[in-house]
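The values are calculated or read from the model by the stated rules, or taken from the named source; none is laboratory data. Quick caveat, the model's predicted, so the values are computed rather than measured. So basically every Cβ, Gly included, is an ideal-geometry build from the backbone, and we count neighbours across all protein chains shown.
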């Protein structure tokens, strides 16, 4: 009979970190029409008319407003597309992103 060496199998648990989230921020300007901002918010961020209006008014009053929170890639894509929509119409509409604390 042959001697068999049995080694215990160790289980390796990998810790999966959640992706860091980023905020999409609308920056107010004095030139982009309010209706256009609402239209962009509805189209790009799938907001209702009421939600988009509240975000637009908050940005108007405070200067900035967090629109939504996504993973980094999604946030940057949405911010770029929303900003580009304004640029295509000749408006200085600006959306930026920043990491969430």
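Entry remark, segment 72-101: residues being modelled with pLDDT under 95 and in contact with a strand residue (DSSP E or B) (Cβ under 8 Å, 6 or more places away or on another chain) number 1 in total. Within segment 9-22, the presence of a residue that is within 21 Å of residue 92 (Cβ to Cβ) and modelled with pLDDT of 95 or more is excluded. Taking segment 50-84 as the search range and keeping residues that are touching a residue at least 40 places away in the same chain (Cβ under 8 Å) and touching a helix residue (DSSP H, G or I) at 6+ places or on another chain (Cβ under 7 Å), which one is surrounded by the most Cβ atoms within 10 Å (Cβ to Cβ)? Looking at residues that are touching a residue at least 40 places away in the same chain (Cβ under 8 Å) and touching a helix residue (DSSP H, G or I) at 6+ places or on another chain (Cβ under 7 Å), I get 67. Taken over segment 85-101, the criterion of being surrounded by fewer than 17 Cβ atoms within 10 Å (Cβ to Cβ), under 11 Å from residue 27 (Cβ atoms) and under 10 Å from the mean Cα position of the chain (by Cα) is satisfied by 96 alone.
For residue 4, the conditions (1) without any contact (Cβ under 8 Å) to a residue 60 or more places away in the chain; (2) over 14 Å from the mean Cα position of the chain (by Cα); (3) crowded, with 17+ Cβ neighbours inside 10 Å are fulfilled apart from (3). Return the pairs, sorted by first residue and then second, in which the second residue is surrounded by fewer than 17 Cβ atoms within 10 Å (Cβ to Cβ) and at pLDDT below 95, the first residue lies in segment 22-38 and is under 14 Å from residue 64 (Cα atoms), the beta carbons are less than 6 Å apart, and the residues are 6+ apart or on different chains. Within 6 Å, the pairs are 23/100.
Residue 34 - would you say it is touching a helix residue (DSSP H, G or I) at 6+ places or on another chain (Cβ under 9 Å) and at pLDDT 95 or above? Break it down into steps so the answer makes sense when it comes.
Values: touching a helix residue (DSSP H, G or I) at 6+ places or on another chain (Cβ under 9 Å): yes; at pLDDT 95 or above: yes.
The answer is yes for residue 34.
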